[in-house]
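Peer 1: The structure that follows is given in the form of structure tokens.
Any read-out appearing in this document is the output of simple, stated calculations on the displayed coordinates, not a laboratory observation. Owing to the predicted nature of the structure, the values given are computational and were not obtained by experimental measurement. Cβ placement follows ideal geometry from the backbone for every residue including glycine, while neighbour counts extend to all protein chains displayed.
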Amino acid sequence: MTRSTFVKTMARYNRWQNASLYAAADSLSDEDRRKDRGAFFKSIHATFSHLLWADHVWLSRFSDAPRPSTPLSESASYRDDWDSLKQDRIACDERLIIWADGVTDDWLAGDLIWRSGLMQSDVVKPKWFVVSHIFNHQTHHRGQIHAMLTAAGARPHGTDLMLMEPFTA
């Protein structure tokens, strides 16, 4: 089972990686960030937008954060303006850390029940499983973004968790 120390560590890893990727993306033109690079959400900007949308959705299921009114099918254009996307990402990362810092092992042992728009049904899953999914989802899409940035000539930092300093949990 996922433990609360993992949640705290991964929330900080998320912030660290996002800072690196957004800084690298800042070195590109808006046109380069929006260029179709063959990824699932096509562009760097659209993939960042989807990832922010997903984090907002999950935070709304775990906390009193508002749920995005944008549907999944429009998540790639959730934040169309680069500067507002960056600012919202920073704020969301801080909310994720505050949330993670309040997670306990007992809380993780319970179930989460939510209405899935994707599956059009109620879903019940262990909280530890859902939290693991969130961080896996982030890492998956950041890997896509890292590859697109590198192919575009930008140079984000390494992504290995072991490189994160300072290590705190």
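Peer 1: Once the piece of chain linking Phe129 and Asp105 is laid out straight, how much longer is it, given 0.36 nm per residue of separation minus the C-alpha distance between them?
Peer 2: Computed gain between Phe129 and Asp105 is 7.4 nm.
Peer 1: At what distance in angstrom do the alpha carbon centres of the range 1-67 and the range 121-150 lie from each other?
Peer 2: When both Cα centres are located, 10 Å separates them.
Peer 1: Another question, if that's okay. Explain nothing, just the number: dipole magnitude of the chain about its Cα centre with +1 on each Lys and Arg Cβ and -1 on each Asp and Glu Cβ, in debye rounded to the nearest 20.
Peer 2: Using only the charged Cβ atoms, the result is roughly 280 debye.
Peer 1: In percent, how large is the relative contact order of the range 57-161, given Cα pairs closer than 8 Å and 6 or more residues apart?
Peer 2: Answer for the range 57-161 is 15 percent.
Peer 1: Helix 127-151 versus the longest principal axis of the chain: what angle, 0 to 90°, nearest 10, using Cα atoms?
Peer 2: Value to nearest ten degrees: 10.
Peer 1: Cut-off 15 Å, label point 7 angstrom out along Cα-to-Cβ of Arg115: give me the residues of the range 63-96 whose amide nitrogen falls inside.
Peer 2: Label zone hits: 67-72.
Peer 1: Place +1 on the Cβ of every Lys and Arg and -1 on the Cβ of every Asp and Glu in the chain, take the dipole about the Cα centre, and give the residue among Leu149, Pro71, His133 whose Cα lies farthest towards its positive end.
Peer 2: His133
Peer 1: Can you show me the helix-derived [θ] at 222 nm for the chain, built from DSSP H runs with n ≥ 4 at -39,500 (n - 2.57) apiece and divided by the number of residues, rounded to the nearest 500.
Peer 2: That calculation yields -19000 deg cm²/dmol at 222 nm.
Peer 1: Quick query: amide H of Lys125 versus all other amide H atoms, modeled in the peptide plane; which residues come in under 5 Å with a sequence gap of 5 or more or a different chain?
Peer 2: Leu112
Peer 1: Turning to a different aspect of this structure: Give me the angle, in degrees from 0 to 90, between the Cα long axis of helix 4-26 and the longest principal axis of the Cα atoms of the chain, rounded to the nearest 10.
Peer 2: Tilt relative to the chain: about 10 degrees.
Peer 1: Scan the chain and report its longest stretch carrying no chymotrypsin sites (Phe, Trp or Tyr not before Pro) that are both in a DSSP loop and have at most 13 other Cβ atoms within 10 Å.
Peer 2: With a cap of 13 other Cβ atoms within 10 Å, the longest stretch comes to 41-166.
Peer 1: Still on this structure: Counting other beta carbons within 10 Å of each Cβ, put Glu94, Glu165 in order, fewest first.
Peer 2: Listed from fewest to most nearby Cβ atoms, that is Glu165, Glu94.
Peer 1: At 7 Å along the Cα-to-beta-carbon direction for both Ser27 and Glu165, put a label point, then send me their distance in nm to one decimal.
Peer 2: Once both label points are built, they end up 2.0 nm from each other.
Peer 1: Could you name the lysines in cross-link range of Lys42, using Cα to Cα under 20 Å and dropping any fewer than eight places away on the same chain?
Peer 2: Within the straight-line cut-off, Lys42 pairs with Lys86.
Peer 1: In degrees, nearest 10, range 0 to 90: what is the angle between the Cα axis of helix 44-62 and the longest Cα principal axis of the chain?
Peer 2: Between the helix axis and the principal axis of the chain, the angle is about 10 degrees.
Peer 1: When 1/r is averaged over all different Cα pairs and the result inverted, which Kirkwood radius in Å belongs to the chain?
Peer 2: This gives a value of 16.5 Å.
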